[in-house]
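Student: My questions all concern the structure below.
The values are calculated or read from the model by the stated rules, or taken from the named source; none is laboratory data. Keep in mind that what you see is a predicted model, and the values were worked out from it rather than measured. Cβ: placed from backbone, ideal geometry, glycine included. Neighbour counts: every protein chain shown.
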Amino acid sequence: MNETLEKRSMGLRASRTISNTIIYVILIVMSVVWLIPFFCIVLQSFRIESTWQVGYVIPRQWGWDNYRALWNSDFKRWYLNTFIIALAVAALQTIIVLCMSYTLSRFRFKMRDGLMRFMLILGMFPGMLTMIILYRVLKDLGLTQANAVPGLILVYVASSGMGYYVSKGFFDTIPKSLDEAARVDGATRAQVLYKIILPLAKPIVIYTILTAFMAPWGDFVFAKYVSFGTSAGMNVAVGMWSWLQQDMIGQKYTMFCAGGVIVAIPVTILFMCLQKYYVEGVTGGAVKG
Amino acid sequence: MKKYSDLEFLRLSKGEKFLYKLTSFFAAIPRAIGRFFMKIALFFKNLGVGFGKELADLVMTFKNGDWKTRSSYLVMGFGSIARGQVLRGLMFLLFELVFIFYMIFAGAHWLSLLPSLGKIGPHEEYNAVLDAYTRVYGDNSFKILLYGVLTLFFIVAFIYTWRLNIQQNKLAEEYLKSGRRLKTGQDDLRSLVDEQFYKTLLALPLTGIMVFTVMPIVFMILVAFTNYDGAHDGYNNALFGWVGLDNFRTLLSWSGSGVNYSATFGEILTWTLIWAFFATFTNYFLGMFVAMMINKKGIKLKKVWRTILVMTIAIPQFISLLYVSKMFAKNGIVNGVLLDLGWIKQAIDFWGSQEHNALLPRVMVILINIWIGIPYLMLIATGILMNIPADLYESSRIDGANAWQQYTKITLPYMLFITGPYLLTSFTGNMNNFNVIFLLTGGAPTNAAASGASGSVGFTDLLITWLFKITTGAEAQYYLASVVGIMVFVVVAVISLVVYNVLPSIKNEEDFQ
C-alpha cells in the first residue's frame, strides 16, 4: 500500500516536472519572439554600411552615424512637438478625467444616468468621423500645419472626458463613509475632494497621467491630418511614418530604427518605473467594465 | 422552443445541454431586439407625455403666478431680481440679451440659409478696375451648415434656460408663501463648491465634449444627407446642398450604376467582423493561457516573464507595428534570414499575396495583433485569476477533477462572467482598430474588384481605414465617409445592444461588483 502511494506521488512529481519544463520552453520561446523585433531595431540603428533594408541582422559596420543624422534632421522638431503635446495632455487630461470620474462616482444628480448612457452612445461613433470638421475648424483658428501643436492639444484634451471609466471604477472602491464622516465634520464637497479623496486616489492619478502622457507618442491618424504634410507641425509618429514610405525608405530606414530607439527609451523607462500603477489601472478597469 | 426547468436541464446529456444553450441564446436575440424597440417606443411616449406636462405647467404657472413671475415670461430673471436674488436674475438676463443679439446679428442669417446651404456659388464677375472677369466667391456651405447647427444648439439651450427661469420663479413664489427664506447670491456661490459641486466639476469636461465631440458628430451625420465632397467643397469649387437619402441608397442598394459601393461595403464589413472576432478571441484565450502558465505553482522568475511581456506595451505602437511590418517585407529581415538558412527558396510575399482572398496577409495581421495584444490580456487575466478563491481548486482536485476540467468548470466561467463587458468593448474596439491595420499593411494588398472611384480598397482594409482612405482620397467624398461612419455606428450599436440584453453578467451589474 505504501509502495503504491509512493509510486503515485513520484508519478505526480514526474508529470509536474514535465509540464513545468514544457511551460519553461514555451515561455522562453515567447520571450524571444516578443523581444526579437526590439533587439533587431537596436542593432539596425547602428548599421552604417547601408541605409536601406537588408536581409541580415548583425551590422557589418557599426557606428553612431544614424543618431548623428537624426540630430541634423527634422526629427528634433518632431520630438520636441510630441514632448510638449505629451506634457500638456498629461496635465490637462488628468484634471478633466478626474473631475468627470469623481463626479459620476460620488454625486447622484438628475441627469447622471442619462449622461452616462449618452456618452456610451457617443463612444460608438468612430472618432475618425469628426476629423474632417475638426480639421476645418482648427484651420479657421489657424491651428493646423505649422501650428499643429496647440491644435492637437486642444482636440486631445477636449474630448478626454469620455474616458472616465477606469478612474470612476477606482473612486467607486473608496468607501463613501469617508465622505460622509468629513461632511458631518463640516467639510464642503470641494474640501472632501481635495483633502480626503485625492490623497487616497494617488494610484489612479498616476495611472491617468501615465496613460495620458504615453498616448500622444503613438497617435498617428489625427496628427497626420492636422499637420497636413508640414514638417514643422508633425509629431514623431507622423514624421517617422513618412520615412518608411516608398520614396524615402531607401535613405531613411536605419534612421527610422535609430529614431525608434530614441523615442522608445524614455517612454519605456518611465513606464517601467510606474508599471505597478499601470497594472492596477488596467486590471481594475477591465473588471469594472 | 421548449423551455426546460433547472432540474430537467441537469438531466440532459452534454450535447443536448450545449444545443439547448445555443438555441436559447439565438432565441433570445429577437426578444432582445423587440425589447429594444419597445424601449424606443416607450422613450418617445415618455417624451410626448413629458412635453405635454411641461406645457400645462407653463400655462398654470402663468395663470396662478404673480406679476413678477408673469413678467419673467418676457424678461428672463426679472422675477428673481425683484425678489432679491440679484445674481441669479442677472445671469438669466445676460443670457437672454446675448441670445437676442446673437440671433439678430448672426443667428437669423445662418438659419435662413440652412435649408438651402447657400444660394450664391462661386462665379465669374466683371471687374471694372481690372477690366476682366474675375472669380467671385459667394456663400460658404460649410460655414452655413456649421453655424446653422450651432444656432440650433443655442436655441435649444435658450428654451431650456427660459423654462428653468420660469421654474425658478414658481419655486421662489412657493417658498415665500410658506414663509421660507430665499437663497441669496452668496448661497448660490457657496453651493457651487458644496451641494452643487458637481456642476462646477462637470462644466469644463462637458463643454469640451459638447464642442469637440457632440457638435462634430451632429455635423457629420448631417453631411451624410448632402453631396459634400472635393468637387462640392462649399466655397472654392461649388456649393453643396441637401440630397436626402441618396447617399444611403448608393451604399446599400445592390444595383447601382457605375461603382458598386454596396458590394465593396459588404466585403469590407465581412472582413471587419471576421477580423474583430479573431483579434478579440485569439488574444483573449492566448492571453489567459499565458497568464495561467506564469501563475502556475512552481514556475520561477514570474516577474521576469511578466516584465518582458509588459515592456512591449510601453513602446509606442507606431514603432513596433511599422518595424514589424517592414521585417516581413519581401526584402525584410525575416525573408533574408529564412533564405540564408535555406528554409525557403523564394522570398515570401507576406503582405502582397492575393491567393485565396489574400489569406496570408489577413492571417499575418491577426498573428501580429496577437503579439501586440497578449501582454494586455496577460495583465488583465493575471489580476482576475488571482481573485479566484483557491479552495475552489482544492476541493475540485479532491473530487478528482483534472486540469482541463478545472479550467472549463472553474476558470473559464469565472473569467467570462467577469470580463463579459470587457470582451464586448474589445470587440467593438477591434472593429475600429485603425492603427494595427493602417501601420501594418495600409490595407494592402489591393482588392482590384472592390476598388473604384473612392480610391483603392485593400483586402485587409477595415471599415475605419476605408473611411480614412475615402476622406483623404483624390475625390474626398466626405458624404460617403459620413455614411460609412454612420453604418459603423449602427453595426457597433446593434452588436452592443444584443450582447447587453443577452449576457447575464451585464444585466446584473451589481452582482459582480
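Student: Output the residue which, of all residues in region B:350-372 that are in a helix (DSSP H, G or I) and in contact with a strand residue (DSSP E or B) (Cβ under 9 Å, 6 or more places away or on another chain), is surrounded by the most Cβ atoms within 10 Å (Cβ to Cβ).
Tutor: We begin by selecting, within region B:350-372, every residue in a helix (DSSP H, G or I); these are B:355-372.
Right, trim to in contact with a strand residue (DSSP E or B) (Cβ under 9 Å, 6 or more places away or on another chain) and you get B:358, B:361.
Working: B:358: 22, B:361: 25.
Only one residue tops the list, namely B:361.
Student: The conditions are (1) surrounded by 13 or more Cβ atoms within 10 Å (Cβ to Cβ); (2) more than 14 Å from every other protein chain (Cβ to nearest Cβ); (3) without any contact (Cβ under 8 Å) to a residue 40 or more places away in the chain; (4) farther than 21 Å from residue B:211 by Cα, and residue B:177 fails exactly one of them. Which is it?
Tutor: That leaves (1) as the condition not met.
Student: Do any residues in region A:240-262 that are more than 9 Å from chain B (Cβ to nearest Cβ) have Cβ atoms under 7 Å from those of residues that are among the aromatic types (Phe, Trp, Tyr) and not in a helix (DSSP H, G or I), where the two are at least six apart or on different chains, and which pairs are they?
Tutor: A:250/A:52
Student: Further, regarding this structure: Which members of region A:24-43 meet the condition of being at the interface with chain B (Cβ under 9 Å from one of its Cβ atoms) and in contact with a Pro (Cβ under 9 Å, 6 or more places away or on another chain)?
Tutor: Within region A:24-43, just A:34 meets the criteria.
Student: Here is a follow-up. Out of the residues in region A:235-263 that are more than 22 Å from residue A:57 (Cβ to Cβ) and in a helix (DSSP H, G or I), state the one that is farthest from the chain's Cα centre (by Cα). Reasoning before the result, please.
Tutor: Keep residues of region A:235-263 that are more than 22 Å from residue A:57 (Cβ to Cβ), which gives A:235-239, A:241-242, A:245-248.
Now restrict to residues that are in a helix (DSSP H, G or I): A:236-239, A:241-242.
Values: A:236: 14, A:237: 13, A:238: 16, A:239: 19, A:241: 18, A:242: 22 Å.
The selected residue is A:242.
Student: How many of the residues making up region B:315-339 are within 30 Å of the chain's Cα centre (by Cα), in a helix (DSSP H, G or I) and buried (at least 20 other Cβ atoms within 10 Å of the Cβ)?
Tutor: First pass over region B:315-339, keeping only residues within 30 Å of the chain's Cα centre (by Cα): B:315-325.
Next, only the ones that are in a helix (DSSP H, G or I) stay: B:317-325.
If we keep only those that are buried (at least 20 other Cβ atoms within 10 Å of the Cβ) too, we end up with B:318-325.
Of the residues in that region, 8 qualify.
Student: To continue, here is another question. Could you list, in sequence order, all residues of region B:463-498 that are hydroxyl-bearing (Ser, Thr, Tyr), within 10 Å of chain A (Cβ to nearest Cβ) and more than 20 Å from residue B:426 (Cα to Cα)? Before you say what the answer is, go through the steps one by one.
Tutor: Keep residues of region B:463-498 that are hydroxyl-bearing (Ser, Thr, Tyr), which gives B:465, B:471-472, B:478-479, B:482, B:496.
Subset that is within 10 Å of chain A (Cβ to nearest Cβ): B:465, B:471-472, B:478, B:482, B:496.
Passing the criteria: B:471, B:472, B:478, B:482.
Let's see how each residue does on (1) part of a helix (DSSP H, G or I); (2) farther than 22 Å from residue A:109 by Cα:
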| site | (1), (2) |
| --- | --- |
| B:151 | yes, yes |
| B:154 | yes, yes |
| B:159 | yes, no |
| B:164 | yes, no |
| B:169 | yes, no |
| B:172 | yes, no |
| B:176 | yes, yes |
| B:179 | no, yes |
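Student: Within region B:126-174, count every residue that is of a type in the set (Asp, Glu), in contact (Cβ under 8 Å) with a residue 24 or more places away in the chain and closer than 30 Å to residue B:66 by Cα.
Tutor: As a first pass, look at region B:126-174 and keep what is of a type in the set (Asp, Glu): B:131, B:139, B:173-174.
Applying the additional criterion that residues be in contact (Cβ under 8 Å) with a residue 24 or more places away in the chain yields B:139, B:173.
Pick out the ones that are also closer than 30 Å to residue B:66 by Cα and you get B:173.
So the count comes out to 1.
Student: Now a separate question. Report yes if residue A:232 is at the interface with chain B (Cβ under 7 Å from one of its Cβ atoms), within 24 Å of residue A:150 (Cα to Cα), assigned to a helix (DSSP H, G or I) and touching a residue at least 12 places away in the same chain (Cβ under 8 Å), otherwise no. Full working, then the answer.
Tutor: Details: at the interface with chain B (Cβ under 7 Å from one of its Cβ atoms): no; within 24 Å of residue A:150 (Cα to Cα): yes; assigned to a helix (DSSP H, G or I): yes; touching a residue at least 12 places away in the same chain (Cβ under 8 Å): yes.
Taking the combined requirement at face value, the residue does not satisfy it.
Student: Separate question: Output the residues belonging to region B:218-227 that are within 9 Å of chain A (Cβ to nearest Cβ) and either crowded, with 22+ Cβ neighbours inside 10 Å or over 18 Å from the mean Cα position of the chain (by Cα) (or both).
Tutor: At the first step, the residues of region B:218-227 found to be within 9 Å of chain A (Cβ to nearest Cβ) are B:219-221, B:223.
Within region B:218-227, B:219, B:220, B:223 qualify.
Student: Can you tell me which residue among B:42, B:87, B:93, B:97 is touching a Gly at 6+ places or on another chain (Cβ under 6 Å), modelled with pLDDT of 90 or more and not aromatic (Phe, Trp, Tyr)?
Tutor: Step by step, each of B:42, B:87, B:93, B:97 is checked, and only B:93 is touching a Gly at 6+ places or on another chain (Cβ under 6 Å), modelled with pLDDT of 90 or more and not aromatic (Phe, Trp, Tyr).
Student: Testing residue B:239 on (1) outside the structural domain of residue B:382 (by TED's automatic domain parsing); (2) of a type outside the set (Ser, Thr, Tyr); (3) assigned to a helix (DSSP H, G or I), one condition comes back false. Which one is that?
Tutor: (3)
Student: Sticking with this one: Can residue B:273 be described as more than 8 Å from chain A (Cβ to nearest Cβ), over 26 Å from the mean Cα position of the chain (by Cα) and at pLDDT 90 or above? Outline the logic, then answer.
Tutor: On the way: more than 8 Å from chain A (Cβ to nearest Cβ): yes; over 26 Å from the mean Cα position of the chain (by Cα): no; at pLDDT 90 or above: yes.
Taking the combined requirement at face value, the residue does not satisfy it.
Student: Does region B:295-318 hold any residues that are more than 7 Å from chain A (Cβ to nearest Cβ) and farther than 30 Å from residue A:253 by Cα, and which are they?
Tutor: B:295, B:297, B:300, B:301, B:302, B:303, B:304, B:306 - these are the residues of region B:295-318 that are more than 7 Å from chain A (Cβ to nearest Cβ) and farther than 30 Å from residue A:253 by Cα.
Student: Looking at (1) more than 7 Å from every other protein chain (Cβ to nearest Cβ); (2) farther than 27 Å from residue B:432 by Cβ; (3) without any contact (Cβ under 8 Å) to a residue 40 or more places away in the chain, can you tell me which one residue A:87 breaks?
Tutor: Just one mismatch for residue A:87, condition (3).
Student: Let me ask something additional. Within region B:276-286, can one find any residue that is facing chain A (nearest Cβ under 7 Å) and either assigned to a loop (DSSP other than H, G, I, E, B) or among the aromatic types (Phe, Trp, Tyr) (or both)? Lay out the reasoning, then the answer.
Tutor: Within region B:276-286, the first condition is being facing chain A (nearest Cβ under 7 Å), and the residues that meet it are none.
The answer is no; no qualifying residue exists.
Student: Same structure, new question: Which of the residues belonging to region B:319-344 are touching a helix residue (DSSP H, G or I) at 6+ places or on another chain (Cβ under 7 Å), under 14 Å from residue B:368 (Cα atoms) and within 7 Å of chain A (Cβ to nearest Cβ)?
Tutor: Let us first name the residues in region B:319-344 that are touching a helix residue (DSSP H, G or I) at 6+ places or on another chain (Cβ under 7 Å), namely B:319-325, B:327-328, B:332-334, B:344.
Subset that is under 14 Å from residue B:368 (Cα atoms): B:319-325, B:327-328, B:334.
Once the filter is applied, which keeps residues that are touching a helix residue (DSSP H, G or I) at 6+ places or on another chain (Cβ under 7 Å), under 14 Å from residue B:368 (Cα atoms) and within 7 Å of chain A (Cβ to nearest Cβ), region B:319-344 yields B:319, B:320, B:322, B:323, B:324, B:327.
Student: Consider residue A:209 against the criteria (1) closer than 14 Å to residue A:82 by Cα; (2) modelled with pLDDT of 90 or more: it satisfies all of them except one. Which criterion is unmet?
Tutor: (1)
Student: Please specify each residue of region B:370-409 satisfying the condition of being of a type in the set (Ser, Thr, Tyr) and within 20 Å of residue A:279 (Cβ to Cβ). Give the steps one after another, and end with the answer.
Tutor: Going through region B:370-409, the residues of a type in the set (Ser, Thr, Tyr) turn out to be B:376, B:382, B:393, B:395-396, B:407-408.
Of everything in region B:370-409, those that are of a type in the set (Ser, Thr, Tyr) and within 20 Å of residue A:279 (Cβ to Cβ) turn out to be B:376, B:382.
Student: Still on this structure, I have one more. Checking residue A:46 against (1) in contact with a Ser or Thr (Cβ under 9 Å, 6 or more places away or on another chain); (2) within 12 Å of chain B (Cβ to nearest Cβ); (3) of a type in the set (A, V, I, L, M, F, W, C): exactly one of these is not met. Which one?
Tutor: Among (1) in contact with a Ser or Thr (Cβ under 9 Å, 6 or more places away or on another chain); (2) within 12 Å of chain B (Cβ to nearest Cβ); (3) of a type in the set (A, V, I, L, M, F, W, C), the lone unmet condition for residue A:46 is (2).
Student: Quick check, is residue B:244 more than 8 Å from chain A (Cβ to nearest Cβ) and touching a residue at least 24 places away in the same chain (Cβ under 8 Å)? Give the steps one after another, and end with the answer.
Tutor: On the way: more than 8 Å from chain A (Cβ to nearest Cβ): yes; touching a residue at least 24 places away in the same chain (Cβ under 8 Å): no.
Here the answer is no, as residue B:244 does not meet what is asked.
Student: Given the criteria in the same structural domain as residue B:374 (by TED's automatic domain parsing), surrounded by fewer than 16 Cβ atoms within 10 Å (Cβ to Cβ) and modelled with pLDDT under 85, does residue B:452 qualify?
Tutor: Details: in the same structural domain as residue B:374 (by TED's automatic domain parsing): yes; surrounded by fewer than 16 Cβ atoms within 10 Å (Cβ to Cβ): yes; modelled with pLDDT under 85: yes.
Taking the combined requirement at face value, the residue satisfies it.
Student: Next question. Pick from region A:232-274 the residues that are crowded, with 16+ Cβ neighbours inside 10 Å and among the polar types (S, T, N, Q): which of them is nearest to residue A:47 (Cα to Cα)?
Tutor: Result: A:254.
Student: Please state which of the following conditions residue B:347 fails to meet, knowing it meets all the rest: (1) buried (at least 16 other Cβ atoms within 10 Å of the Cβ); (2) within 12 Å of chain A (Cβ to nearest Cβ); (3) part of a helix (DSSP H, G or I); (4) modelled with pLDDT under 85.
Tutor: Tallying (1) buried (at least 16 other Cβ atoms within 10 Å of the Cβ); (2) within 12 Å of chain A (Cβ to nearest Cβ); (3) part of a helix (DSSP H, G or I); (4) modelled with pLDDT under 85, residue B:347 fails exactly one: (3).
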